[in-house]
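Below is one structure. I have some questions about it.
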Amino acid sequence: MGILDFLTGEFIDIIAWTDDTRDTMVWRFERYDHAIKYGAKLTVREGQAAVFVHEGQIADVFKPGLYMLETNNMPVLTTLQHWDHGFHSPFKSEIYFVNTTSFTDQKWGTKNPVMLRDPEFGPTRLRAFGTYVMRVSDPGKFLHEIVGTDGEFTADEISLQIRNIIVQEFSRMIAASKIPVLDMAANTAQLGQIVATAIGPAVAAYGLEIPEFYIENISLPEDVEAILDKRTSMGILGDLNRFTQYSAAEALGKGGAGGAMGAAIGAGMGMGMGAQMGAQMGPQGPWGAAPAPAAPPPVEPVWHLAEDGQATGPFSRANLGRMVAEGRMSRETLVWAPGMDGWTRAGDITDLARLFTVAPPPVPPVRPASPPPPPAVDKKA
């Protein structure tokens, strides 16, 4: 190497950083003895910031661009060092590159259930998890508060602290929101915005910001979810008798009389099999003599009414009896049941005509009171 190459290496320096790790937040430019040459070129790329530290103090923060490190364009450093403009010797300082891009897909979750008082279920425990986006908003403050002298600072080193802040604010907010548990799934976007606003001041003290925050799931404990599933199933079934009638009517509408007969046969077979199994599992055991299975009860027909040009129903005979008593149904009302050829007057159907004849007999008239008997006459007088 010639003397010219030696002099060029001594007086020309390029300071830059390219990162392909995707999780490094701060990287310190390594230079032997921390000697930065006067007139060195500092390249700060988009998504980066460079923090110049001189003798343990933050001297300046450089945004994206190309800079010539001289005393005339570094007034803060000149004031600290008391240099003249003609001083061209190297200066011992450190340069930290800060990644200002967004760190996406950061995970958060509640380690322990959050206790709250639900207006419907009472005291309840909840778990939640989601993701958030983190970004350095103030490189100088972030270096001062978090990084310190760490030469290579990654996102994992601060993510645990951010999760603690998120869980604390989420627990406080979710307990004070008074939103029912069953309605939280429809309000996750609104809850996420509230949590992001609440944690903003806490993370800003570290020179960070959370531009995006997402709640992916809010769930109850497994045993509570199992009970809730049973309650939902019972709510769907409702009244078992009406459910059975509706199923039979629906089968009629889809498959006609054949479908209704199949549904009736299926119901009868199910009841017969249940009675037979109950008899076999009686005191005599499954191999003892069992009584003959009882005949399946007849399937009660369901009725449809023609009201205002539309069909309503299905109704049971008991429902029709109440409608007759309330005056909502008369003999002229057109009715139809599975197996009938068409709509017929209710008074022409024997089974329904009885509903109109079941009435108390007329009240007998009130008889006048009998006159009192005449007084007895004394014959001796």
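How far is it, in nm, from the label point at Arg127 to the one at Thr104 when both lie 7 Å from their Cα along the line to the Cβ?
A separation of 2.8 nm, rounded to one decimal place.
Another one. What pairs from Lys41/Lys92; Lys37/Lys141; Lys63/Lys141 go past 22 Å between their alpha carbons?
With Cα atoms farther than 22 Å apart: Lys37/Lys141.
Work out how much length Glu145 to Thr18 would gain on full extension: take 0.36 nm times their residue separation and subtract the Cα-Cα distance, in nm to one decimal.
Residue separation times 0.36 nm, minus the Cα-Cα distance, leaves 43.3 nm.
For an R0 of 56 angstrom, estimate the FRET efficiency from the Cβ-Cβ distance between Glu222 and Lys92 and round to the nearest 0.05.
With R0 = 56 Å, the Cβ-Cβ based efficiency is 0.40.
Let me ask something additional. If I stretch the segment between Arg172 and Thr43 completely, what's the gain in nm (0.36 nm per residue apart, minus their alpha carbon distance), one decimal?
My answer for the length gained is 42.0 nm.
Same structure, new question: Under a point spin-label approximation (7 Å from Cα along Cα-to-Cβ), what is the Glu307-Glu30 distance to one decimal in nm?
It works out to 8.7 nm between the two label points.
Between Arg117 and Met68, what FRET efficiency follows from the Cβ-Cβ distance if R0 is 56 Å, with the result rounded to 0.05?
Computed FRET efficiency for Arg117 and Met68: 0.30.
Now, a different point. Based on the alpha-carbon set only, what is the convex hull volume of the stretch 303-357 divided per residue, in Å³?
Normalising the Cα hull of the stretch 303-357 by residue number yields 76 Å³.
Any chance you could list the semi-axes, whole Å, largest first, of the equivalent ellipsoid that the Cα gyration tensor gives for the stretch 103-221, using √(5λ)?
Semi-axes, largest first: 30, 13, 12 Å.
May I pose another question? Using a 10 Å cut-off around each Cβ, can you sort Phe29, Phe103, Phe142 from fewest to most neighbouring Cβ atoms?
Fewest to most other Cβ atoms nearby, the residues stand as Phe29, Phe103, Phe142.
Over the stretch 124-212, what relative contact order in percent results from Cα pairs under 8 Å that are six or more residues apart?
Averaging sequence separation for qualifying contacts and normalising by length gives 58 percent for the stretch 124-212.
Where a number appears in this text, it was derived from the coordinates with a stated rule and is not lab data. The shown structure was predicted, so the numbers you read here are calculated from the model rather than taken from an experiment. So basically every Cβ, Gly included, is an ideal-geometry build from the backbone, and we count neighbours across all protein chains shown.
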